[in-house]
Amino acid sequence: MFDKVLIANRGEIALRIARACRELGIPTVAVYSTEDRDSAVVSFADEAVHIGPAPAKRSYLHIPSIIEAARTTGADAVHPGYGFLSEDPDFAEVCRDNDLVLVGPPPDVLTRLGAKSEARRLMAEAGLPLLPGSTEPLASADEAQRLADRIGYPVIIKASAGGGGRGMRVVTDPGSLAEAYRETRRDAEALFGNPEVYLERFLSTTRHVEVQILADGFGNAIHLGERDCSVQRRHQKLVEESPAPRLPPGLADRMGEAAVRGALAVGYVGAATFEFLVEPGGEFYFMEINCRIQVEHPVTEMVTGVDLVAEQFRIAAGHPLTVTQSEARPRGAAIECRLNVEDPDNDFAPAAGVIEEFRVAGGPFVRVDTHAFTGYRVPVSYDSLLAKLLVWGPDRESALRRMERALGETRIHGPGIKTTTGFLERVVRDRTFRTGEYSTSLVAELTREKTPRTDDRTSDPVGAHT
């Protein structure tokens, strides 16, 4: 394995990685910005190194500071978590040049799959179904206009280097396409340092279903089932569950097989998520690949019993997969709710402050991944994710009832603090969600409605614990 691992991230994922390392017997180094000096992972890790001020560009995204922290502490591997530098091929190359093992795919794979339009082209060659659209970056607004006119409206313009639900615009008519093209290019340059964009048909009523895969350096690859991630606001996920409810028979296996085929075609090594859009009739289309561990990876861990982060480390250390396809079959049902420091009544605007009460749920088959604690000052400089609340049940209905109970136990209070907890209770009790026939439009529908569409079997009022 490794002598020492530097965790190039913060928040709950940094603590999650540190815990996996402790179970594997690997010493850890946490890096932290000035604003995160009192964070949980700083206390938990074996060593901690200050790498800069609060702005991410001067700390968590500052490659020289991270490499220097690894060298001075004697780390021989770096785990980037998700976000920040996790899919940056330049960072992967710098790690390699400094004799550091990056826990993730090699730089050339990150380069090819990091450009979403290039990933679309590669997956089309591997036989994965794609929505009509471009497989190369668009050269001009006129090219975008011609393509949109050919495939039909609505269309969506996306940043080729984008991610996290940012850098995209839906266009419903020809008159607004040129301006949307220019604005998306500006956003792409500002957000990702790359102005390239591509275009594809937009499905207004669809489901977002993703497949978790693992691949080692010996030509082995498996999928570990699917996750439904359709409950989203601003293209960012709030609720994830596995298995995806009410998929047509055999569809999940076909999607899993397609993901494995795509991974093997590009020589992928490590953990990845293949994201698909699924239409009501069961047709599915490849959307993109996330070349890292996902925020929602615990959902898959709950139903398969596979420690995905530990597998990442074993793969990066040059070992074959420890689990076969037949051993990775999901059991039961798991649901994850993201407890974000946001105000659902104000378009999910950030609502940070000092947490004076922090009580999360417990009990059988409940998992909470969090870096928060009573007295924690929520930083304003970073992502709003505060905790991930997960439950498992032998079937979806039992998991839903367990999640209702767990959300009801959660108490997060403090001046200025608002969270998504109460809104998530409303989602879990919503009739459409309970049927499993929901789509990516669910959050928009719920935020427009003043009267909750609660399940008839639920008589308790919707809680407001934030």
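Expressed per residue, the C-alpha convex hull volume of segment 132-201 stands at 69 Å³. Here the spin labels are modelled as points 7 Å beyond Cα on the Cα-Cβ line, and at Arg405 and Asp99 they lie 5.4 nm apart. Relative to the globular-protein estimate of 2.2 N^0.38 Å, the Cα radius of gyration of segment 207-448 stands at 1.02. Of the peptides 74-85, 6-17, 273-284, 370-381, the ranking by mean beta-carbon count within 10 Å, highest at the top, reads 6-17, 74-85, 273-284, 370-381. In the chain, helical runs assigned H by DSSP with n ≥ 4 each contribute -39500 (n - 2.57); averaged across all residues and rounded to the nearest 500, the mean residue ellipticity at 222 nm is -9500 deg cm²/dmol. The distance between label points at Arg58 and Asp76 comes to 3.6 nm (points 7 Å beyond Cα on the Cα→Cβ vector). Remark: segment 153-250 is approximated by an ellipsoid whose semi-axes, taken from the C-alpha gyration tensor as √(5λ), come to 30, 19, 12 Å, largest first.
Over the chain, the pair-distance histogram of Cα-Cα distances with 10 Å bins from zero comes to 4, 20, 31, 29, 14, 2, 0 percent, rounded to whole numbers.
Computed over the Cα atoms of segment 322-381, pair by distinct pair, the Kirkwood hydrodynamic radius stands at 14.9 angstrom. The number of Lys pairs in the chain with C-alpha atoms less than 24 Å apart, excluding pairs fewer than 8 positions apart on the same chain, is 10.
Protection proxy ranking, highest mean first, for peptides 423-435, 59-71: 423-435, 59-71, where packing is the per-residue count of other beta-carbon atoms within 10 Å, averaged.
Here is the P(r) of segment 5-95: all C-alpha pair distances, binned every 5 Å from 0, give 3, 16, 29, 29, 18, 5, 0 in whole percents.
Quick note: the coordinates plus some simple rules give every number you see, no bench work behind them. Since we're looking at a predicted model, the values are computed, not measured. Neighbour counts run over all protein chains shown; Cβ positions are idealised from the backbone, glycine included.
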